[in-house]
Amino acid sequence: MSLLSISAMQTSIGQYAILHDVTLEVPEGGVFVLLGRNGAGKTTTLRSIMGLWRPSPGSVRLRGQDITGMHTADIARKGIAYVPENMGIFGGLTVAENMVLATSKGQFDAARLKRVHSLFPALEQFWTKQAWSLSGGQKQMLSVARAIIEPRDLILIDEPTKGLAPAIINAMAEAFREIAESTTILLVEQNFNFARSLGRDMAVIDDGRIAHTGPMDAFAADAALQDRLLGLS
Amino acid sequence: MEKLVNTIERLGGVNLLPVALAVVAFVLIGNPSSWVTLTVAGLAMGMMIFLMASGLSLVFGLMNVLNFGHSAFVSFGAFVAASVLAGLSGWLSGDSIMLGALALFLAVSAALLFGLIAGWFFETVIIRPVYEDHLRQILITMGALIVSEQIILAVWGGTPTAVPRPDFLEGALIIGDISIEIYRIFAFALGLVVYIALYAVLNRTRIGLLIRAGVESREMVEALGFRIDRLFIGVFMLGSALAAVGGAMWAGYETLISPALGGEIMIIVFIVVIIGGLGSIEGTLLGAIMVGLVGNYVGFLAPKLALASNMLLMMAILMWRPSGLRPAVK
């Protein structure tokens, strides 16, 4: 059984239909990459899974349990974390306060906190600083760190490399590889090289529909398919 | 220049504005005793405005609700407290400070309780159906303010209502040439206690952390697993109760109140929330003190400009800092 099953999901924002028919199976473990052109519906797919926009009709199941229509907070408590495109950090709160909010009981598990600090040493260094004062890369690290401070079944990550320097992107890729050893990541990404270096399985969304699914290696080897679906050549 | 800016930031940044204002006023007024009297009056007025505005700031910041009916809680708080004090007038004029203090405590508590209950009712019946729709919020809350004024008119009548004060808060402290009204000291102290309590809740508790985070991004707090909608009603009730307590204190300050009180105070409250920065308790305090001080200083130096002074202050601050002095969201 897949970890996440999305079936015939349709989502509209106001009068505009964004997702027309998204059907997707995300297997447990590793990084599953969702690729697509700008405006294809990648972010809407993640937000619909998270309950931030209500899909109708269609269904979303986590380990077989229907989570369609659930409140976002309840979906999060089922074990899904969300790292949005804008990082969603609370700038007026310190790094420590941002992190403690991501814990269910307001206390850190010492081992997990140690792991977070080893993955992202800058966060330990700026622990008591207000988050707005962090650099773009550090904010992204904080956003990801919040997602892994508690055990999660699935982490939804939306375009984490956007606007980051190459050195930070490499560090982020390393971190994602380590995180994916113990949890599943559904990664939305436009940077194909970054996505290819991480993804085991992948899908392409085009105009609100899943246009292709399969192993990343096969897709990476098919230049014609890449060109047709993503405009890469 | 950059060095000067850094030094000012290190010393407190925008928090120094009231001090700078007081120094400028001292030079312009020239008379130390008048300056002290005006400064204490401005601080007391600022603290009462802070009580009335702090709830609106949180509601605005956390819930993204434009509640023009907020000042109805101020009016009701004032009239409820006035009624309790009038009913216990025998306790106010006696020799016993204890009885006078008890009457005052009961009056403020009645306003607080009324604010909590009315806040719950207002949020559930009036605000909840119009979340996410600012135009309908403005229309419905303005309507609620008008209705509440009519209710006050029906219950307490149209003639101004006198507000008795306990004897121990009457009179003034005389130090040399300086005269300071005792009620103003009391109003300042109560406002300070409320500010410290609010600050502690917001900065030292998990609920406070959720409120501060919710002011920045409600969506992200929910994505972290918290039902922030359940916090809304609590924050709304607290904000309404604080407004009612502010109204009770204002009633004692004015000693004569009319049903139009809420409408009159609404503009000042909104100015404070806007210049302080939405959702920020520290900003609201700073804005309220600035408004209190400017109102008193300008009223003394250029009485004809007194009414326009707060509007000019808001325009000047917004031109300098469009998000207010200390916005919660950076």
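The values are calculated or read from the model by the stated rules, or taken from the named source; none is laboratory data. Only a predicted model underlies this, so the values are computations on that prediction, with no experimental measurement involved. Cβ atoms come from the backbone with ideal geometry, glycine included; neighbour counts cover every protein chain shown.
Annotations for the structure displayed:
- Checking each residue of the stretch A:142-151 against the condition of being surrounded by fewer than 16 Cβ atoms within 10 Å (Cβ to Cβ), in a loop (DSSP other than H, G, I, E, B), within 14 Å of chain B (Cβ to nearest Cβ) and among the β-branched types (Val, Ile, Thr) gives no match.
- Extreme residue, farthest from the other protein chains (Cβ to nearest Cβ), among residues of the stretch A:62-78 that are surrounded by fewer than 17 Cβ atoms within 10 Å (Cβ to Cβ) and in a strand (DSSP E or B): A:66
- Within the stretch A:109-141, considering residues that are touching a residue at least 40 places away in the same chain (Cβ under 8 Å) and part of a helix (DSSP H, G or I), the one surrounded by the most Cβ atoms within 10 Å (Cβ to Cβ): A:140
- Meets criteria (within 13 Å of another protein chain (Cβ to nearest Cβ) and under 17 Å from residue B:219 (Cβ atoms)) for residue A:106: no
- Residue that is under 28 Å from residue B:201 (Cβ atoms), hydrophobic (A, V, I, L, M, F, W, C), modelled with pLDDT of 95 or more and buried (at least 18 other Cβ atoms within 10 Å of the Cβ), where the choices are B:76, B:60, B:68: B:76
- Qualifying position, being over 16 Å from the mean Cα position of the chain (by Cα), under 27 Å from residue A:40 (Cα atoms) and not in a loop (DSSP other than H, G, I, E, B), among A:185, A:155, A:168: A:168
- From the options B:316, B:328, B:288, residue that is assigned to a loop (DSSP other than H, G, I, E, B) and closer than 23 Å to residue B:54 by Cβ: B:328
- Checked against (1) in contact with a Leu (Cβ under 6 Å, 6 or more places away or on another chain); (2) closer than 13 Å to residue A:210 by Cβ, residue A:46 passes all but a single condition, namely (2).
- Looking only at the stretch A:52-83, residues that are in contact with a helix residue (DSSP H, G or I) (Cβ under 9 Å, 6 or more places away or on another chain) and touching a residue at least 40 places away in the same chain (Cβ under 8 Å) come to 10 in all.
- Residues located in the stretch B:139-167, provided they are hydroxyl-bearing (Ser, Thr, Tyr), crowded, with 19+ Cβ neighbours inside 10 Å and not in a helix (DSSP H, G or I): B:161
- Screening the stretch B:1-80 for helices (runs of 4 or more DSSP H) wholly inside it with 2 or more residues that are touching a residue at least 60 places away in the same chain (Cβ under 8 Å) and of a type in the set (S, T, N, Q) returns the ranges B:32-63.
- Test for residue B:269: is it of a type outside the set (Lys, Arg) and in contact with a His (Cβ under 7 Å, 6 or more places away or on another chain): yes
- Among the residues examined, residue A:115 does not qualify as under 18 Å from the mean Cα position of the chain (by Cα) and more than 10 Å from chain B (Cβ to nearest Cβ).
- Among the candidates B:257, B:185, residue that is in contact with a Ser or Thr (Cβ under 9 Å, 6 or more places away or on another chain) and more than 10 Å from every other protein chain (Cβ to nearest Cβ): B:257
- Here residue B:99 qualifies as over 25 Å from residue B:258 (Cβ atoms) and part of a helix (DSSP H, G or I).
To keep it simple, each residue is scored yes or no on (1) modelled with pLDDT of 95 or more; (2) in a strand (DSSP E or B).
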site	(1), (2)
A:5	yes, yes
A:8	no, yes
A:20	no, yes
A:46	yes, no
A:56	no, no
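- Among the residues making up the stretch B:301-313, those that are surrounded by fewer than 19 Cβ atoms within 10 Å (Cβ to Cβ), of a type in the set (A, V, I, L, M, F, W, C) and assigned to a helix (DSSP H, G or I) are B:301, B:305, B:306, B:307, B:308, B:311, B:312.
- The stretch A:84-99: number of residues that are over 20 Å from the mean Cα position of the chain (by Cα), among the hydrophobic types (A, V, I, L, M, F, W, C) and either under 24 Å from residue A:46 (Cβ atoms) or facing chain B (nearest Cβ under 9 Å) (or both): 1
- Residues in the stretch B:219-254 that are of a type in the set (D, E, K, R) and under 23 Å from residue A:148 (Cβ atoms): B:219, B:222, B:227.
- The listed residue being surrounded by fewer than 16 Cβ atoms within 10 Å (Cβ to Cβ), in contact with a helix residue (DSSP H, G or I) (Cβ under 9 Å, 6 or more places away or on another chain) and either modelled with pLDDT under 95 or more than 19 Å from residue A:142 (Cα to Cα) (or both), out of A:200, A:196: A:200
- Here residue B:250 meets the list (1) surrounded by 18 or more Cβ atoms within 10 Å (Cβ to Cβ); (2) farther than 26 Å from residue B:184 by Cβ; (3) within 19 Å of the chain's Cα centre (by Cα) almost entirely, failing just condition (2).
- The lone criterion from (1) in a loop (DSSP other than H, G, I, E, B); (2) surrounded by 15 or more Cβ atoms within 10 Å (Cβ to Cβ); (3) within 14 Å of the chain's Cα centre (by Cα) left unmet by residue A:81 is number (1).
- Note on the stretch B:195-240: residues that are small (Gly, Ala, Ser), away from chain A (no Cβ under 14 Å) and farther than 18 Å from residue B:131 by Cβ total 2.
- Selection within the stretch A:42-61 - farther than 20 Å from residue A:206 by Cβ and either in contact with a Cys (Cβ under 9 Å, 6 or more places away or on another chain) or within 13 Å of chain B (Cβ to nearest Cβ) (or both): A:50, A:51, A:52
- All of B:136, B:128, B:184 fail the test of being part of a helix (DSSP H, G or I) and at pLDDT below 90, apart from B:128.
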